[in-house]
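Notes to accompany the following structure.
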Amino acid sequence: MYPFAYTKPADTAAALAAGARGGRYIAGGTTLVDLMRETVERPGTLVDISGLPLDDVRDTARGLRIGALARMADVAAHPQVRSAYPVLVQSLELAASAQLRNMATIGGNILQRTRCTYFRDVSAACNKRRPGSGCAALDGYNRSHAILGASDACVATHPSDLTVALAALDAKVRLLGPDGEREVALTEFLLQPGNTPEREHDLRPGELITAVEIPPHPKPLRSGYLKVRDRQSYEFALTSVAVVLHLTGGVIRRARVAAGGVGTVPWRLNAVERRLTGERPSQRLWEQAAEVAAEGARPLRHNAFKAELLKRTVERQLRTVGGTR
Ligand code: SF4
């Protein structure tokens, strides 16, 4: 570790002022402290926002609002979340470990950084950690890396399970900064690497995530999250799929499907959604929809298996959530 300053503001205004002076926000610290220990990140000042009143979970006219400082475990246990959004609960409960879920916050989960081993090895070339230095993963061992949304500069996946469920729920991120409040769709908030992989999100200097909002969905709503990984616990996804379906009269009126473990950001499977909408559930439909799940995939040397695994994960989770007749 190296020397750094620490401050714990008494209120949101003081936190924003400290953030505007260049301070780095910290709450649960489950990602940032690790990265500081490994000297991947070296913030000069930590602004501890864990005491701010941003941990509520409640219904509003705009939908379900989840405070950015709500802990993962608390959100997964919340009665409103459990009754309305199984996909959210499952994505939270399949992530990390129980100890980490007790510490980690919703805002921090969205902002967590990639698990690319070269990113965390300060001796390796990494455009995300040191822009312009190259990407060791391109010619290195890239089994866990992205097949969708990658660039020549970076092929790292976004590691979060929660954001995959949030993408399928059309969630929005509420932000507060020196210029006031604003709202961004989660799928636009997290950025694909392009030529600037060091820019991972649309967070402006000094801004805080205050909440995520899930807009009202038509009822009845079926949903679920499936995570495929090398071992059954405390492991990141090779592929994962969040499915959200609205059916009436035996017909799929609306479908939302997102994938994790395969993209540089949580990846909405628009072609799958189009294939499902207006159709009646059947095993044949699930297979046909899954067939287009990996459209546009560009596998690397060690991860071509992910395209087929993604299709199978989609098919299985559509069957689980949608059933068959
Ligand atoms: Fe760095 Fe991205 Fe390459 Fe990993 S994939 S080494 S994070 S540039």
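The values are calculated or read from the model by the stated rules, or taken from the named source; none is laboratory data. All of these numbers come straight from a predicted model, not from anything done at the bench. With ideal geometry, Cβ positions are generated from the backbone for all residues, glycine too; neighbour counts draw on all protein chains shown. Only protein heavy atoms, including side chains, enter the accessible area calculation; ligands, DNA and RNA are left aside. Shrake-Rupley method; radii C 1.70, N 1.55, O 1.52, S 1.80 Å.
Identification of strands (runs of 3 or more DSSP E) wholly contained in segment 1-66 with 1 or more residues that are under 30 Å from Tyr85 (Cα atoms) and open to solvent by 40 Å² or more (accessible area, probe 1.4 Å) yields 24-26, 57-60. All told, Arg254 falls short of being part of a helix (DSSP H, G or I) and either surrounded by fewer than 17 Cβ atoms within 10 Å (Cβ to Cβ) or on the phi > 0 side of the Ramachandran plot (or both).
Of the residues Ala242, Ala290, Ala307, the single one that is closer than 23 Å to Leu162 by Cα and touching an Asp or Glu at 6+ places or on another chain (Cβ under 6 Å) is Ala290. Restricting attention to segment 195-211, the residues that are part of a loop (DSSP other than H, G, I, E, B) and either surrounded by fewer than 14 Cβ atoms within 10 Å (Cβ to Cβ) or away from the ligand (no atom under 16 Å from the Cβ) (or both) add up to 7. Selection of segment 230-244 for residues being touching a residue at least 12 places away in the same chain (Cβ under 8 Å) and either buried (at least 24 other Cβ atoms within 10 Å of the Cβ) or basic (Lys, Arg) (or both) yields Ala237, Thr239, Ser240, Val241, Ala242, Val243, Val244.
For segment 99-125, enumerate the residues that are more than 12 Å from the ligand (Cβ to nearest atom), part of a loop (DSSP other than H, G, I, E, B) and either farther than 22 Å from Ser144 by Cα or open to solvent by 50 Å² or more (accessible area, probe 1.4 Å) (or both).
Ala104
Close contacts from segment 126-151, counting a first residue that is under 21 Å from Thr239 (Cβ atoms) and of a type in the set (D, E, K, R) and a second that is in a loop (DSSP other than H, G, I, E, B) and more than 6 Å from the ligand (Cβ to nearest atom), with Cβ to Cβ under 7 Å and a gap of 6+ residues or different chains, come to Arg143/His302; Arg143/Asn303. Could we say that Asp152 is open to solvent by 40 Å² or more (accessible area, probe 1.4 Å) and closer than 25 Å to Thr39 by Cβ here? Answer is no for this residue. Looking at Val89, is it outside the structural domain of Thr210 (by TED's automatic domain parsing) and among the aliphatic types (A, V, I, L, M)? No: the conditions fail for Val89.
Results for (1) without any contact (Cβ under 8 Å) to a residue 60 or more places away in the chain; (2) of a type in the set (D, E, K, R), shown as yes or no for each residue.
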{"site": "Ala14", "(1), (2)": "yes, no"}
{"site": "Tyr25", "(1), (2)": "no, no"}
{"site": "Arg37", "(1), (2)": "yes, yes"}
{"site": "Pro53", "(1), (2)": "yes, no"}
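Can you confirm whether Ala95 is part of a loop (DSSP other than H, G, I, E, B), at pLDDT 95 or above and away from the ligand (no atom under 16 Å from the Cβ)? Considered against the rule, which asks whether it is part of a loop (DSSP other than H, G, I, E, B), at pLDDT 95 or above and away from the ligand (no atom under 16 Å from the Cβ), Ala95 comes out as yes. Filtering segment 75-108 to residues that are within 19 Å of Arg58 (Cβ to Cβ) and of a type in the set (S, T, N, Q) leaves Gln80, Ser83, Thr105.
Total residues in segment 132-156 satisfying the condition of being assigned to a loop (DSSP other than H, G, I, E, B) and in contact with a Phe, Trp or Tyr (Cβ under 8 Å, 6 or more places away or on another chain): the figure is 4.
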